[in-house]
Amino acid sequence: MIGRVGSHQMVRNFLAGMNDNNVRVAEVQRQLTTGKRVNNPGDDPVGVGLALGIRNDLESVRAWSQNIADSSSWLSATDSALGNQMEILQRAHELAVQGANGSLSADARGMIATEVRALRDQVAEAGNASLGGRYLFGGTRTDTAPFDPAVPGPVAPVNTGLLNREVGQGQVMSVNVTADRVLGPGGGTPDVFQTLTELADSLDASDLNAVGRTALTRLDAHMDNINSLRGEVAAKVNRLELTGSRFAIDDIARQDQLAEIEDTDMAQAIMDLRTRENVLRASLSVGARVIQPSLVDFLR
């Protein structure tokens, strides 16, 4: 049996459908205006959950990327400071070779000894290299100079603390070289200050054996040590560059995933808008026919 449908019910049905059409049109218009398909959790609960996870990943990657940038700057400055140390040692080596020449006069060796002592002072100056007011070789006490130019020599006690940086998930890297490692390789080799001091004294005393053998052997060991430290720094820089490149690729991929979840497909949205506007116009046309008749119309 077909139930009776009164005029009031017809109007109510029409208004409900009309309101639904308006909501649908407004929804598509909002997507086109904001460029976002998902503007609140109710639009796509599952998508919102995925988007939040992706955004957390992006924030973590940005923090790691900043650590990588800071660490790369620190390591680059460290390599430059070690390069200065190497130049000093190479010059000292050249002077030792000259001083070992038996044909030199005592006065000439004395002049070489004076330059060697000046190089020893430069070692302390180069060892106090800094970046942004922080001493590169100061360990964890980056606000304190690790070397005393007045002695010259290391400031006791030597801080050997490592500056660790998190550069990835579970990846922690120490980015500093401590002063004790710059002083020399250790073992039977005296530190660089003692080596240069004894070289200068041997030149003053015209001790050719100490100059030509002992001093040169020690200087070779110190240069090998600096080369080793620079190689270690270069390896860390390469690792950071590779990690940074991987993060950049991952960032693009995550941004694409986020856009796929949240962003509006403009072409599809425009088609939807046209379709829903046509439906709205059709419902308005039907509504005009539904609502138009009244008691006056029947009395006519």
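Observations on the model:
- Looking only at residues of the stretch 167-188 that are modelled with pLDDT under 90 and part of a loop (DSSP other than H, G, I, E, B), we find that the one that is farthest from residue 75 (Cα to Cα) is 188.
- Scanning the stretch 111-128 for residues that are within 15 Å of residue 182 (Cα to Cα) and free of Cβ contacts under 8 Å to residues at least 60 places away in the same chain returns 121, 122, 125, 126, 127, 128.
- Residues (of a type in the set (Lys, Arg) and in a loop (DSSP other than H, G, I, E, B)) located in the stretch 122-166: 141
The values are calculated or read from the model by the stated rules, or taken from the named source; none is laboratory data. Just so it is clear, the model here is predicted, and its values are computed rather than measured. A quick note on method: Cβ atoms are made from the backbone with ideal geometry, for glycine too, and the neighbour counts reach across all protein chains shown.
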